[in-house]
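One structure below.
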Amino acid sequence: MSEAFNEPRYVDISLSLHNLVNGHYIIKTYYLSEEHGSILNEWIKLGAIKNLSSSEITYLRNITQPSMHVEYTDETNEIIINRTINPFELVFIQISLEYKEI
């Protein structure tokens, strides 16, 4: 896919959350990219078949899952997340309070 674009670029992002409740947080980051979960790339690996059978469709559904990275952190007021997003990548960050400190 990257061959279709002249200059694929990386993007650095920074996310700052302030005034948080003191507690234990879980940060889950999901990545969907050419390397992780791209149904287009997997379809091309199959030979770009135009009329997929039901078993081929099931296969593609089962193998095209985003990758996930999990972090645990104890924060007192602020969470700062820095990520580099690769070309043609989608990133979803989910932050959950597991339990709060008393």
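The values are calculated or read from the model by the stated rules, or taken from the named source; none is laboratory data. Predicted, not measured: the structure shown is a model, and the values here were computed from it. Cβ: placed from backbone, ideal geometry, glycine included. Neighbour counts: every protein chain shown.
Of the residues 69, 24, 18, which is touching a strand residue (DSSP E or B) at 6+ places or on another chain (Cβ under 9 Å) and modelled with pLDDT of 95 or more? Write out each step before concluding.
Numbers: 24 fails: modelled with pLDDT of 95 or more; 18 fails: modelled with pLDDT of 95 or more.
Every option except 69 fails the conditions.
Filtering the range 1-15 down to residues that are out of contact with any helix residue (DSSP H, G or I) (no Cβ under 9 Å at 6 or more places or on another chain) and in a loop (DSSP other than H, G, I, E, B), which residue is modelled with the lowest pLDDT?
Applying the first criterion (out of contact with any helix residue (DSSP H, G or I) (no Cβ under 9 Å at 6 or more places or on another chain)) to the range 1-15 yields 2-7, 9-15.
Applying the additional criterion that residues be in a loop (DSSP other than H, G, I, E, B) yields 5-7, 9-10.
Numbers: 5: 63, 6: 69, 7: 73, 9: 86, 10: 91.
Out of the qualifying residues, it is 5.
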Residue within the range 43-64 that is in contact (Cβ under 8 Å) with a residue 40 or more places away in the chain and touching a Phe, Trp or Tyr at 6+ places or on another chain (Cβ under 9 Å) present: no
What number of residues within the range 58-87 satisfy the criterion of being over 17 Å from the mean Cα position of the chain (by Cα), among the aliphatic types (A, V, I, L, M) and more than 21 Å from residue 26 (Cβ to Cβ)? 1
